[in-house]
1. Could you compute the net charge surrounding residue 49? Neighbours are other residues with a C-beta less than 15 Å from the C-beta of residue 49; K and R count +1, D and E count -1.
2. What does the accessible area per residue of the range 49-115 come to in Å², with a 1.4 Å probe and no ligands, DNA or RNA counted?
3. How do the peptides 88-96, 15-23, 66-74 rank, highest first, by the average count of neighbouring beta carbon atoms within 10 Å per residue?
4. Select from the range 15-44 those chymotrypsin sites (Phe, Trp or Tyr not before Pro) which occupy a DSSP coil region and have at most 16 other Cβ atoms within 10 Å, ordered by residue number.
5. Summing Lys, Arg as +1 and Asp, Glu as -1, what charge do residues with Cβ under 14 Å from the Cβ of residue 11 carry, residue 11 excluded?
6. Taking each pair of distinct Cα atoms in the range 1-73 once, what is the resulting Kirkwood hydrodynamic radius in Å?
7. Please report, as a whole percent, how much of the solvent-accessible surface of the chain comes from carbon and sulfur atoms (probe radius 1.4 Å).
8. Count charges around residue 23 for me, please; just the other residues with Cβ under 13 Å from its Cβ, Lys/Arg as +1, Asp/Glu as -1.
Amino acid sequence: VQLVESGGGLVQAGGSLRLSCAVSGSTFSINVMNWYRQVPGKQRELVATITSGGHNTNYADSVKDRITSFRHNAKNTMYLQMNSLKPEDTAVYYCRTVSAFRTYWGKGTKVTVSS
C-alpha cells in the first residue's frame, strides 16, 4: 500500500485548505483510515478517523467543527477539508492506514497557517 498526501501550503488564518491522500497498491483490505499531524518536537496527533464507507468519522476536539474528512473510494482517495484555519493548525499532515496487519504512512504534506 502506498499513501501520497498533497494539498498543503501556506494560508492565512481563517482560510481553508483541502488535503488529499491518494491510496494505491493492495487496497482491498483497507478499512479505517486516519489523518495525523505533527509539529516539530511534539508527538504525532490523531486528527481524524474515517471508516471504509465514509459513514463513520471521528475528529480530535481541537479540530471538531472545522475539519471534515471524506473518502472517494472509486478514486482511492481520502480528503481532509480544513476550514477556519488557525496558526496552531500549522503542522505536517500525514495519512495512515492498516492493511493485512501492517501500518502504512504517507510522507506528509506541510500546512502553514499565518496569523
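1. Neighbourhood net charge equals +3.
2. 56
3. Peptide ranking by packing, descending: 88-96, 15-23, 66-74.
4. Passing sites in the range 15-44 are 28.
5. After counting each charged neighbour, the total is +2.
6. 13.7
7. Within the chain, the accessible surface is 49 percent carbon and sulfur.
8. Combined, the nearby Lys, Arg, Asp and Glu give +2.
The values are calculated or read from the model by the stated rules, or taken from the named source; none is laboratory data. For clarity, every value in this text was computed on a predicted model and none was experimentally measured. All Cβ positions, even for glycine, are placed from backbone atoms using ideal geometry, and neighbour counts span all protein chains on display. Keep in mind that these areas ignore ligands, DNA and RNA; they rest on the heavy atoms of the full protein, side chains included. Shrake-Rupley method; radii C 1.70, N 1.55, O 1.52, S 1.80 Å.
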